[in-house]
Amino acid sequence: MDTSATHAEPTVLLLGGTGRTGGRVLQQLLGRGVHVRALVRSAERLPAGVADDPRLTVVEADLLSLSAEQVKEQVDGCDAVISCLGHTISAQGVFGKPRDLVARSVERVCRAAKELRPAQPVKLILMSSVSVNRAGGLDTRRGWFERAYMWLLRGLVPPARDNQRAADFLHDVIEPADPHVRWVVVRPDTLKDGDVTAYSLHEGLVDGLFRPGETNRANVAHFMCELATDAEAWEAWQGKLPVIVNASPE
Ligand SMILES: NC(=O)c1ccc[n+]([C@@H]2O[C@H](COP(=O)([O-])OP(=O)(O)OC[C@H]3O[C@@H](n4cnc5c(N)ncnc54)[C@H](OP(=O)(O)O)[C@@H]3O)[C@@H](O)[C@H]2O)c1
């Protein structure tokens, strides 16, 4: 694996690049000329056509099984880490181990960045969900019934709890001006396939649980790539949990 090269373009460590959103992130990053280190359980599940791209380095490993030193090796030299990890939609994926896939991955990446002490903070861009609350009760749009429902969901459905824990960790443990790692938690609504379209970004919730909005995975990927490569986008959203939804048709 080549981790020693220095590039003018950013280098991104991508987690979950074999997923339906992560695959789109990978294709879009490569399309922008970004160097990508994709950490995947199986390279066979990467999207077709990316394997020969000279900007792509594939590491076949499970982040949670790596030693702390090996995690540091993966984060070292990366300007950003994008995580599109998520629990597989199956009984084993939802209720089996690891129940804390997202939270533990985020914690390990942050610890590695803090130990590496990079000259510029690593940008951690996490795919999450509108089921995740902003701390401090800032997501005021939900009524009491929805709030109770979501509370129950996070209690009973491990992936919902995992996503909330990951976001809470970033908010509670990583200082806004941390010199080594900064973060954005991206919150899509109901995920759809389809191409990149117009989309809008919001500080808080736009739609309700019983009248959900839609978000194309390609739009999530586009926004995550913007955060990794565009300084203005990063400045606007770092330390926040933007909600992303498809723009309504005219
Ligand atoms: N469904 C929705 O409407 C919705 C809405 C908002 C937010 N979200 C969130 O967005 C996430 C991503 O969505 P998606 O549709 O892109 O997910 P996806 O296609 O299921 O991709 C999940 C990714 O996580 C990896 N993964 C799963 N379990 C793992 C494990 N134990 N260890 C290491 N890697 C593992 C998968 O790798 P493998 O290929 O190796 O399995 C895959 O790369 C969801 O999981 C959810 O948290 C979903």
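The values are calculated or read from the model by the stated rules, or taken from the named source; none is laboratory data. Model, not experiment: these values are computed from the prediction. Cβ placement follows ideal geometry from the backbone for every residue including glycine, while neighbour counts extend to all protein chains displayed. Heads up: the accessible areas ignore ligands, DNA and RNA and are worked out on the full protein's heavy atoms, side chains in. Shrake-Rupley method; radii C 1.70, N 1.55, O 1.52, S 1.80 Å.
Do any residues in region 144-155 that are on the phi > 0 side of the Ramachandran plot have Cβ atoms under 6 Å from those of residues that are not hydroxyl-bearing (Ser, Thr, Tyr), where the two are at least six apart or on different chains, and which pairs are they?
Cβ pairs passing all conditions: none.
Filter region 217-250 down to the residues that are without any contact (Cβ under 8 Å) to a residue 12 or more places away in the chain and assigned to a helix (DSSP H, G or I), then identify the one that is least open to solvent (accessible area, probe 1.4 Å). So that I can check it myself, show each step before the final result.
Going through region 217-250, the residues without any contact (Cβ under 8 Å) to a residue 12 or more places away in the chain turn out to be 226, 230-233, 235-236, 248-250.
Those left that are additionally assigned to a helix (DSSP H, G or I): 226, 231-233, 235-236.
Working: Glu226: 50, Ala231: 72, Glu232: 150, Ala233: 19, Glu235: 122, Ala236: 48 Å².
Across region 217-250, the extreme among qualifying residues is Ala233.
Please find, among Val186, Val106, Val130, the residue that is within 11 Å of the ligand (Cβ to nearest atom), in contact (Cβ under 8 Å) with a residue 24 or more places away in the chain and touching a helix residue (DSSP H, G or I) at 6+ places or on another chain (Cβ under 9 Å).
Numbers: Val106 fails: within 11 Å of the ligand (Cβ to nearest atom); Val130 fails: touching a helix residue (DSSP H, G or I) at 6+ places or on another chain (Cβ under 9 Å).
None of the other options fit; the residue is Val186.
Can you tell me which residues in region 143-182 are away from the ligand (no atom under 16 Å from the Cβ) and not in a helix (DSSP H, G or I)?
Within region 143-182, Gly143, Ile174, Glu175, Pro176, Ala177, Asp178, Pro179, His180, Val181, Arg182 meet the criteria.
If you check every pair at least six apart or on different chains, which have Cβ atoms under 7 Å apart with a residue in region 82-98 that is closer than 25 Å to Gln28 by Cα first and a residue that is assigned to a helix (DSSP H, G or I) and polar (S, T, N, Q) second?
Going by the 7 Å Cβ cut-off, the qualifying pairs are Ser83/Ser105; Cys84/Thr21; Leu85/Ser105.
Name every residue in region 99-133 that is more than 24 Å from Pro179 (Cβ to Cβ), part of a loop (DSSP other than H, G, I, E, B) and either of a type in the set (A, V, I, L, M) or more than 13 Å from the chain's Cα centre (by Cα) (or both), in order of residue number.
Arg99, Asp100, Val130, Ser131, Val132, Asn133
Mind checking which residues of region 197-208 are of a type outside the set (D, E, K, R), open to solvent by less than 50 Å² (accessible area, probe 1.4 Å) and assigned to a loop (DSSP other than H, G, I, E, B)? If you could, list the steps in order and put the result at the bottom.
Taking region 197-208 first, the residues of a type outside the set (D, E, K, R) are 197-202, 204-206, 208.
In the following step, the residues that additionally are open to solvent by less than 50 Å² (accessible area, probe 1.4 Å) were identified as 200, 204-206, 208.
Across region 197-208, the qualifying residues are Gly204, Leu205, Val206.
Scan Gly155, Gly137, Gly96, Gly194 and give me the residue that is modelled with pLDDT of 85 or more and either under 14 Å from the mean Cα position of the chain (by Cα) or not charged (D, E, K, R) (or both). Spell out how you get there, then give the answer.
Values: Gly155 fails: modelled with pLDDT of 85 or more; Gly137 fails: modelled with pLDDT of 85 or more; Gly96 fails: modelled with pLDDT of 85 or more.
None of the others qualify; the one that does is Gly194.
How many residues does region 8-20 contain that are open to solvent by 10 Å² or more (accessible area, probe 1.4 Å) and either more than 14 Å from the ligand (Cβ to nearest atom) or of a type in the set (D, E, K, R) (or both)?
5
Taking interchain pairs and intrachain pairs at least six residues apart, which have beta carbon atoms under 7 angstrom, with the first residue in region 13-37 and more than 20 Å from Val75 (Cα to Cα) and at pLDDT below 95 and the second open to solvent by less than 10 Å² (accessible area, probe 1.4 Å) and of a type in the set (Phe, Trp, Tyr)?
none
Assuming Lys123 fulfils every condition listed in (1) within 18 Å of Ser105 (Cβ to Cβ); (2) within 15 Å of the ligand (Cβ to nearest atom) apart from one, which condition is it?
That leaves (2) as the condition not met.
Among what's in region 21-69 and is polar (S, T, N, Q) and open to solvent by 80 Å² or more (accessible area, probe 1.4 Å), pick the residue that is farthest from the chain's Cα centre (by Cα).
Taking region 21-69 first, the residues polar (S, T, N, Q) are 21, 27-28, 42, 57, 65, 67.
Adding the requirement that they be open to solvent by 80 Å² or more (accessible area, probe 1.4 Å) leaves 27, 65.
Values: Gln27: 15, Ser65: 19 Å.
Out of the qualifying residues, it is Ser65.
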